[in-house]
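What follows is a set of notes on a single structure, which appears directly below.
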Amino acid sequence: VKLLEYFGRKDLDKHLDADEAIVFGAALHAANLSDGIKLNRKLGMVDGSSYSFFMELDGPDLSKDGDTRLLLVPRMKKLPSKIFKSFNRSKDFELLLAYDNEGLLPPGLSSPVFAQYAVSGLTDAANKYSSRNLSSPIKTNLHFSLSRSGILSLDQVEAAFQVTEWIEVPKRNLTVENSTIASSNVSVDLGAENTSEQNSNRLESDGGIGNASNSTTEPNTVDLGTEKKLKKMTFRIPLKIVEKTMGPGIPLSKESLLNAKSKLEALDKKDAERRRTAELKNNLEEYIYATKEKFETSEDFERISSNDERQSVIKKLDEVQEWLYTDGEDATATEFQERLNLLKAATDPIFFRFKELTARPEAVKFARRYLTELQQTIRGWEKDKPWLPKDKVEELSINIDKLKTWLDEKEAEQQKMSGFSTPVFTSKEVYEKVTFVQNKADSIKKIPKPKPKTDKPINNAETEKDTSGDEKPAEDSDSSKNEEDNVESEMHEEL
């Protein structure tokens, strides 16, 4: 019954459930509004305003009565809509918009008034045009808009004036025959311009003359001078609108604003702490399950850790897991981080040895291959780049020998060590030492060839002979140089 009264209907549709009706209607309405969705046919959907609105005028010469209050939007008016209202008014005024039914207000509102406007400029405009012959009272036109969301707003206010004045206009060029008729009409009309009825006849006669001049044009014309003509002119002047905030939109005081900001900041901090707590809890839970799975599925952990060490770590994992699902349900982010750090301190040494189990041999293999190729490059420098300083080349060879010796010694020591202990050397140390040697080699390779000294000009015949004789070795030198650069570039990329 309440629904029937609310919607103003005799029967309710019952072919859809409530949830289905909401979803189906919302989807179709969104499809109608969207420009990117094309339907097979346009659905005839009409949305109506959930509330009714009225406006009320207020001014120094206005009294609170039924004439100043006007219903703008009845309930269930089509959305969106444009509303136009006009009334006679010659002084500035104020306008307020409010809900028509005080018992049916949106949530959060205690007053039906939601907007108030001050309209100015009307008094000045009326004083300016009052000295002229106003043919009708001043009209004030108000333009409202009701948005698709059901929001009513005042868009524009203008004053409309109609002024009737006698103006002099040039007579139209007429034929001699028609000019006689026109002159007789003018004389009669001008003699009878004291009454409104005769003025109207005057306007009609003017219209007849205009039509005659347009319909007949002949070469024999005469100029009859000027004549007075009654003309109506309409002026539209936009008025100034100043909105006054009403209801819940009134600006907060400084104290209330600071209090609201502090509350929002506290809520933001609480949300950030809650997200951080949830993230650390998930990280701790994920770390426990991943570590247990690795210990149970990978046999390589038996090579780098003892059974007692693994059992000790698993015991700690079980303890933290049990705490996580009991006392840790309401724990803070700091407590979750502390438990995670405790587990990592016990498992990091095992995971480090597990990583070095494969990473260290690969680093040693790469280093030996690079050093062998670099020694071949140095031997090629004696022929291709004889200008390179010998002391620097010798120093590079010494560094290569030192690195090879270091690798031999460390590998021998590592062979004697147990897999459960900390590695004697790591893959990171190997790559650092290789990078040091590589930088030395690059600095030597970039030394440019010195320019030859020319004491006297060379004959053309000798130049051609030397050029022909040196042409082939130069190509060989360039080709060997290119091969050397290619090898070194490959080593750079791999490193």
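Below are the figures for this structure:
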{"read-out": "Residue check for Lys91: assigned to a strand (DSSP E or B), under 30 Å from Glu158 (Cα atoms) and open to solvent by 70 Å² or more (accessible area, probe 1.4 Å)", "value": "no"}
{"read-out": "Residue that is nearest to Pro137 (Cα to Cα), among those in segment 69-82 that are open to solvent by 30 Å² or more (accessible area, probe 1.4 Å) and not basic (Lys, Arg)", "value": "Leu70"}
{"read-out": "Failed criterion for Leu388 (all others in (1) assigned to a helix (DSSP H, G or I); (2) open to solvent by less than 30 Å² (accessible area, probe 1.4 Å) hold)", "value": "(1)"}
{"read-out": "Close pairs from segment 67-89: first in the same structural domain as Lys139 (by the TED database) and without any contact (Cβ under 8 Å) to a residue 40 or more places away in the chain, partner open to solvent by less than 50 Å² (accessible area, probe 1.4 Å) and of a type in the set (D, E, K, R), Cβ under 8 Å, at least 6 apart", "value": "Thr68/Glu56; Arg69/Glu56; Leu70/Glu56"}
{"read-out": "Selected residue (only one of Asn482, Asn399 is more than 19 Å from Glu356 (Cα to Cα) and either modelled with pLDDT under 90 or aliphatic (A, V, I, L, M) (or both))", "value": "Asn482"}
{"read-out": "Failed item, numbered, when Ile22 is tested on (1) open to solvent by 70 Å² or more (accessible area, probe 1.4 Å); (2) modelled with pLDDT of 80 or more; (3) not in a helix (DSSP H, G or I)", "value": "(3)"}
{"read-out": "Checking Lys85 against (1) open to solvent by 70 Å² or more (accessible area, probe 1.4 Å); (2) not in a loop (DSSP other than H, G, I, E, B), the condition it does not meet", "value": "(1)"}
{"read-out": "Test: residue in segment 224-243 that is part of a helix (DSSP H, G or I) and either at pLDDT 65 or above or within 30 Å of Tyr325 (Cβ to Cβ) (or both)", "value": "no"}
{"read-out": "Flag for Lys449 being at pLDDT 85 or above, more than 23 Å from Phe366 (Cβ to Cβ) and not polar (S, T, N, Q)", "value": "yes"}
{"read-out": "Residues that are of a type in the set (Val, Ile, Thr) and outside any helix (DSSP H, G or I), drawn from segment 323-366", "value": "Thr326, Thr332"}
{"read-out": "Filter result for Val113 (in contact with a His (Cβ under 8 Å, 6 or more places away or on another chain) and open to solvent by less than 40 Å² (accessible area, probe 1.4 Å))", "value": "no"}
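Rundown of residues vs (1) within 15 Å of Ala331 (Cβ to Cβ); (2) under 31 Å from the mean Cα position of the chain (by Cα), yes/no style:
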position: Leu257; (1), (2): no, yes
position: Leu264; (1), (2): no, yes
position: Leu267; (1), (2): no, yes
position: Asp271; (1), (2): no, yes
position: Arg276; (1), (2): yes, yes
position: Lys281; (1), (2): yes, no
position: Glu285; (1), (2): yes, no
position: Ile288; (1), (2): yes, no
position: Thr291; (1), (2): no, no
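Each row is one residue, and each column tells you yes or no for (1) in the same structural domain as Ile304 (by the TED database); (2) surrounded by fewer than 14 Cβ atoms within 10 Å (Cβ to Cβ); (3) more than 30 Å from Arg303 (Cβ to Cβ); (4) among the basic types (Lys, Arg).
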| residue | (1), (2), (3), (4) |
| --- | --- |
| Trp381 | no, no, yes, no |
| Ile400 | no, no, yes, no |
| Glu413 | no, yes, no, no |
| Thr426 | no, no, no, no |
| Phe436 | no, yes, yes, no |
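The values are calculated or read from the model by the stated rules, or taken from the named source; none is laboratory data. Bear in mind the structure is a predicted one, so any value in this text is a computation, not a measurement. Positions of Cβ are backbone-derived with ideal geometry, glycine not excepted, and every protein chain shown enters the neighbour counts. For the accessible areas, the whole protein counts, side chains as well, though only heavy atoms, and no ligand, DNA or RNA atoms are used. Shrake-Rupley method; radii C 1.70, N 1.55, O 1.52, S 1.80 Å.
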